[in-house]
Amino acid sequence: MFQITQCLKSIARNQIQIKYKLHNFTKTLSSARRSYAVNKFYKTTSIIENSDSYGVLLDSSKLKTPLGKELIINNKALALAVAEEWEMQKEHIKTDPMHLTKLCFLAVDNPSDLSEHDVVQQILSYLETDTVFFISDADNELEKLLMEKWMPLIQKFNGYFDTNLKPSKGIYVESLDAQTKALVEKYFLSLGFPALHGVLHAVETLKSLVLTTCCLHQDISVKDAVLLSKMEEEYQCTKWGRVDWIKDYIDNDSVIRLSAAMLFIYYTLNPKYKPLAKQDNYPQIQQSLKQ
C-alpha cells in the first residue's frame, strides 16, 4: 500500500513538473513570437508605373511578395489601394487586415501551384452546399422569409447560366447535375487566374456562390450580400436577442473581406475603369426581419 501511495505521488509530481515546464515553454514561445514581430521599416509609400502595370514602393524599395517576386499590378486604382494598406500600418506591420495585398500576393506567388481549373473546382464545391439552396421548413415564418429573400437571387443565378437550380429539403442540391456544373465552370474559367482568387475569397466569406455571383453582377450590394448570407442567424437574433458587439464585429469583418474581394475582381477584370457603387438595401432587409 505504501509503495502504491509513493508511486502515485511520484506520478503526480512528474505531471506537475511537465505541466509547469510546458507552461513556461508556451510563455517563452509566445514571447519569442512577439519579439519577432515585424516593425515598420519604411516612412513613405507610393506607386511606380511601368508600361501598363504598376508596382508599390516602400520608400524607394519595390514591394515584393512572400516568395520574393516583384509585385506587379495591372490596375492603377488597385495599386493605390495596396499602397494605402501599407501606408496605414503603424509601429508594427499587421498583414491580417491587408486583404487586397494578400490577394495580390496570392495571385502572383500561387504558393499551392494551382491551375485555373483547380481554383474553379474549389469555387464549384461551394455550389453543392450553397447556403441559399437549403431553406429550413422547421419554422413556417422563417421558411417564408428565406423564400422571399433567396428565391429571387436563385432565379437571377439561373438566368445568368440558363440553369434550373431549386431549393432543396435534403442534404444536397438535387437539381445540380453535370451539365449545370459545366455551364458555371465555363463562365468562371473565362475570368482568368487572378480574378478567380478574388471569387474564391468572396465565396469563402459568404459560403454561397449564388450570392457571390449576384454581388459580382451588382444585383446586390456587399453589405446586403453579407446580411443575406446570415438570414437564419439574423432571424434567430430578432427572436432571442443578440450580443451586439460580437455580432457586429463578425459582420463588419465579413463586409471588409467581401469588399476587398469584389474590388480585386473588378480591378483585375477592368484595368482602366472604376467600379460602380451599388446602393444597398440593408435597412429595408433588416426591417423585414423585424416584421
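The values are calculated or read from the model by the stated rules, or taken from the named source; none is laboratory data. No experiment lies behind these values; they were computed from the predicted model shown. Note that we place each Cβ from the backbone using ideal geometry, even for glycine, and neighbour counts take in every protein chain shown. Areas reflect the complete protein model, heavy atoms only, side chains present, ligands, DNA and RNA absent. Shrake-Rupley method; radii C 1.70, N 1.55, O 1.52, S 1.80 Å.
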Please give the peptides 102-109, 177-184 ranked by average Cβ packing (other Cβ atoms within 10 Å per residue), highest first, as a rough proxy for protection. 102-109, 177-184
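Quick check on my link table: of Lys94/Lys181; Lys144/Lys207; Lys40/Lys207, which ones sit more than 29 Å apart, alpha carbon to alpha carbon?
Working: Lys94/Lys181 39 Å; Lys144/Lys207 21 Å; Lys40/Lys207 35 Å.
Violating the 29 Å Cα-Cα cut-off are Lys94/Lys181; Lys40/Lys207.
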Might you work out the accessible area of Lys149 for me, using a 1.4 Å probe with all protein chains in place, and round it to the nearest 10 Å²? 40 Å²
With a 1.4 angstrom probe the carbon and sulfur portion of accessible area for the stretch 81-132, in percent, totals 52 percent
Rounded to the nearest whole Å², what accessible area per residue is found for the stretch 154-269 with the 1.4 Å probe? 47 Å²
Give the peptides 40-47, 261-268 in descending order of average Cβ contacts within 10 Å, highest first. 261-268, 40-47
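Which loop GluC sites (Glu not before Pro) in the stretch 72-107, with loop taken from DSSP, have no more than 16 other Cβ atoms within 10 angstrom of their Cβ? Show your work: numbers first, answer last.
On the way: sites: Glu84, Glu85, Glu87, Glu91; in loops: Glu91.
Passing both the DSSP loop test and the Cβ count: Glu91.
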Excluding residues fewer than 8 places away in the same chain, name every one of the aspartates and glutamates whose C-alpha is closer than 12 Å to that of Lys102. Glu85
